[in-house]
Structures are given as structure tokens and as C-alpha cells.
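What follows draws every value from the coordinates through simple rules; no lab data is involved. Quick caveat: nothing in here was measured; it's all calculated off a predicted structure. Don't worry about glycine lacking a Cβ; one is built from the backbone with ideal geometry, like all the others, and counts go over all protein chains shown.
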Amino acid sequence: MPPLVTKEKCDGCGVCVFACGEYIYAIGEDDKAVAKTPAACVECFICQVYCRPGAIRIHPKRRDAVAI
């Protein structure tokens, strides 16, 4: 599942834009974060960790275990 941005919580600080190594986020016309390329998310959780107001949530995809 792609990253979810809760607009009501977002304060538009832009930390997610600079923290994301995959360049997923941008600040939209409403001065809030928007995930412009959510399919590129690698689920590293850096944006979620650095988001001060807690506006970003990553819901990891289910991965099946592989026996080694």
C-alpha cells in the first residue's frame, strides 16, 4: 500500500520531501505534503519517522516468508 498523508495533520514543513531518497513527496498547492509517485515507495519508513505531526503512515505490503 502506498504512503498515506493525512492532510489534517500535515503542517507543510517539507521534511518528508528532503528525507525521502526516492523523491516521492512534494508540497502541493495547498501547502501540504502530497505523495506524487507513491508506487516508487520502498517502505523504508524514513518519512514516517521524521514526520513531526505524524501525518504520514506507511502500510507495508504483505510479503510471504521464504525458506532458506
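Taking 0.36 nm per residue of sequence separation and removing the Cα-Cα distance, the Lys9/Glu22 pair yields an extension gain of 2.4 nm. With contacts taken as Cα pairs under 8 Å at a separation of at least 6 residues, the chain carries a relative contact order of 41 percent.
The aspartates and glutamates within cross-link reach of Lys9, meaning a Cα-to-Cα straight distance under 15 Å and a gap of 8 or more places when in the same chain, are Asp30, Asp31.
No disulfide-compatible partner, judged by a Cβ distance under 4.7 Å, exists for the following cysteines of the chain: Cys10, Cys13, Cys20, Cys41, Cys44, Cys51.
Neighbour counts of other C-beta atoms within 10 Å: give me Glu43, Glu8 arranged from fewest to most.
Working: Glu43 14, Glu8 8.
Lowest to highest Cβ neighbour count: Glu8, Glu43.
Sparsely packed loop sites in region 1-47 (the chymotrypsin sites (Phe, Trp or Tyr not before Pro) outside DSSP H, G, I, E and B with at most 11 other Cβ atoms within 10 Å) comprise Tyr23.
Label sites at Asp31 and Arg57, each approximated as a point 7 angstrom past Cα along Cα to Cβ, lie 2.6 nm apart. What range in the chain is the longest one free of trypsin sites (Lys or Arg not before Pro) that are in a loop by DSSP and have at most 13 other Cβ atoms within 10 angstrom? The segment 8-35 is the longest one with no such site.
With runs of 4+ DSSP H residues as the only contributors, calculate the mean residue ellipticity of the chain at 222 nm using -39,500 (n - 2.57) per run, divided by the residue total and rounded to the nearest 500.
Roughly -3000 deg cm²/dmol at 222 nm, from the helical runs in the chain.
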